[in-house]
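Presented below is the structure to which this report refers.
The values are calculated or read from the model by the stated rules, or taken from the named source; none is laboratory data. Source: prediction; values computed, not measured. No Cβ is skipped: glycine too gets one built from the backbone with ideal geometry, and neighbour counts run over all protein chains shown.
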Amino acid sequence: MSRIVNIFSKTLSLLMVFVALGLLAVTLYLDGEATWDGGNAPPTWRTAAAEGDIFRVSGYDIAYWGDPTGVYSRYATRSKRLPVAIVVHHTAVKPVKSLVQYGHVNDANRGGAFGYHFYVGRDGSIVQGAPLSRRTNHIKFMNHQKRTSVGRHLWSGNTIGVSLVGGCDPIMRPASLTLSDCSDEFITQAQLKAGLDVIRSLQAHFAMACEEVYGHGDLQVDRQNFEGLRLSRLARVVCTAEEEEAAMHLPPAPLPAPDADSAMAAGAADSAMAAGAADSAMAAGAADSAMAAGAADSAMAAGAADSAMAASAAESAKEAKATVTPAKAFKADDS
């Protein structure tokens, strides 16, 4: 019995090694396939680009593959509006260049041309597949029966599509299943960072609201609900945090300048206060003068009274002297 258990254990261990090696091989294949394979677009494509067609992101050398004769979406381009939102997609595990070139042509089997403005490879490389003046077919029309209740104001004519190449987990799904049947997102950290930098730059360029970034799974019931989920939610959080941080460092709003009427009223009030102060000073001066005059009159009256009293005292002294002298003479005669 123990021998059977031992054989089973060794077999299981060997099977796990083969599975691990298989997963590693698939991952290396995916990382090699779902990346930009280099090469330059025809030089005439860049020279034919109109002003504002080529988008730049700080820190990235974005390969521009906007075909001036590409089909893209004729109707969405003809009826285009200023982009108000970004939609994050997944694509099949294929070389980025082949996906970009597919977006330039009409696929009769699917009834049109399908593609995105930006393709982000698993190595963090970025390719612009369509001029910003054009619109691509990447989401169904707003009143389509397969649209969800989310973002019903959005369609290909007013949105920008950003695709994460190989962003759907293909390891656990049979080859016969379609892309929408994948079991989870399959995104590298380099891909996530590059996708975030593209989205934040687009939001700033078009002054988009932080919440106006969606996963394809948010908008359509025929897509897995996790398609574009991680990157779209991350972009919302980062955008909101950066706006709140910027708001904390804004200088205080200046006080409004007074209008002409207010200035005249303030001047009149100042003049009235000055006139009142002058009147008060004059009244105080007049009062002081009156008090001084009264004091002078009082002093003169007091002086006159003193003079009268002095004169009266002198007269009394004379009379007293005249009376005393005869008395002394009378007494002398009596001795």
field: Cross-chain or 6+ apart pairs with Cβ under 9 Å, the stretch 82-101 first and farther than 15 Å from Gln220 by Cβ and hydroxyl-bearing (Ser, Thr, Tyr), then modelled with pLDDT under 85 and part of a helix (DSSP H, G or I)
entry: Thr91/Leu179
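When you scan the stretch 202-218, how many residues do you find that are of a type in the set (Asp, Glu) and within 17 Å of Arg81 (Cα to Cα)?
Keep residues of the stretch 202-218 that are of a type in the set (Asp, Glu), which gives 211-212, 218.
Cutting the leftovers down to within 17 Å of Arg81 (Cα to Cα) gives us 212.
Qualifying residue count for the region: 1.
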field: Val71, sole failed condition from (1) without any contact (Cβ under 8 Å) to a residue 24 or more places away in the chain; (2) over 20 Å from Leu196 (Cβ atoms)
entry: (1)
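In the stretch 238-252, is there at least one residue being surrounded by 18 or more Cβ atoms within 10 Å (Cβ to Cβ) and over 20 Å from Tyr119 (Cβ atoms)?
Start the filter on the stretch 238-252 by keeping residues that are surrounded by 18 or more Cβ atoms within 10 Å (Cβ to Cβ), which leaves 239.
Now restrict to residues that are over 20 Å from Tyr119 (Cβ atoms): 239.
Taking every residue of the stretch 238-252 in turn, at least one turns out to be surrounded by 18 or more Cβ atoms within 10 Å (Cβ to Cβ) and over 20 Å from Tyr119 (Cβ atoms).
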task: Kindly provide the set of residues from the stretch 131-169 that are farther than 21 Å from Gln203 by Cβ and outside any loop (DSSP other than H, G, I, E, B), ordered by number.
output: Arg147, Val165, Cys168
query: When only residues in the stretch 67-110 that are among the hydroxyl-bearing types (Ser, Thr, Tyr) and under 36 Å from the mean Cα position of the chain (by Cα) count, which is nearest to Ala50 (Cα to Cα)?
result: Thr77
task: Count, please, the residues in the stretch 93-130 that happen to be buried (at least 24 other Cβ atoms within 10 Å of the Cβ) and not in a strand (DSSP E or B).
output: 10
- line: Wholly inside the stretch 1-81, helices (runs of 4 or more DSSP H) that include 3 or more residues that are at pLDDT 85 or above and over 29 Å from Arg122 (Cβ atoms) are 43-48, 74-78
- request: Being surrounded by fewer than 23 Cβ atoms within 10 Å (Cβ to Cβ) and modelled with pLDDT under 95 is the filter here, so list the residues in the stretch 145-166 that pass it.
  value: none
